Amino acid sequence: MINPTRLQQITDGDISLQRELLGLFFDTVTRCMGTMRDVSDAADTAWRDAAHEMKGAANTLGFERIGAVCLRVQVIPSFSSADKQAALRELEAAIMEVTAFAEAIAGT
């Protein structure tokens, strides 16, 4: 779920600032997802650190689904390989929602 009012609130409706923050968000997502894909063990600190970083960025901008998935993977003590892949797929789907949202903002 995306809370579009959150981005409006923190930017005071400034479209240019929204675009800048979205660019920074996608930079963070790209880096964190790369780390999460590369780490073979979801119990690894790098996996949890990447999830934590992405959760913070997502929640700040109102991207609640991404934040919720990242929180879940942070607090579960161990993940099977299948669980890790499922979490990555869920994150990818949520990121696609945010991408569509960002494209709508870019088009304004």
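Criterion first (more than 18 Å from Arg6 (Cα to Cα), in contact with a Ser or Thr (Cβ under 9 Å, 6 or more places away or on another chain) and modelled with pLDDT under 95) does Ser80 satisfy it? In short, no. The sole residue among Met96, Met36, Met54 that is in a helix (DSSP H, G or I), under 17 Å from Met1 (Cα atoms) and in contact with a helix residue (DSSP H, G or I) (Cβ under 7 Å, 6 or more places away or on another chain) is Met54. Residue count for the stretch 7-23 under the criterion of being touching a residue at least 24 places away in the same chain (Cβ under 8 Å), closer than 12 Å to Thr60 by Cα and out of contact with any helix residue (DSSP H, G or I) (no Cβ under 6 Å at 6 or more places or on another chain): the result is 2. Picking from residues in the stretch 24-49 that are touching a residue at least 24 places away in the same chain (Cβ under 8 Å) and of a type in the set (Lys, Arg), the one that is nearest to Thr99 (Cα to Cα) is Arg37. None of Gln9, Gln85 is surrounded by fewer than 12 Cβ atoms within 10 Å (Cβ to Cβ) and at negative phi except Gln9.
Inclusion of Thr35 among residues that are surrounded by fewer than 15 Cβ atoms within 10 Å (Cβ to Cβ) and of a type in the set (Val, Ile, Thr) is not warranted.
The values are calculated or read from the model by the stated rules, or taken from the named source; none is laboratory data. Treat the numbers as computed from the prediction; the structure is a model and nothing was measured. Note that we place each Cβ from the backbone using ideal geometry, even for glycine, and neighbour counts take in every protein chain shown.
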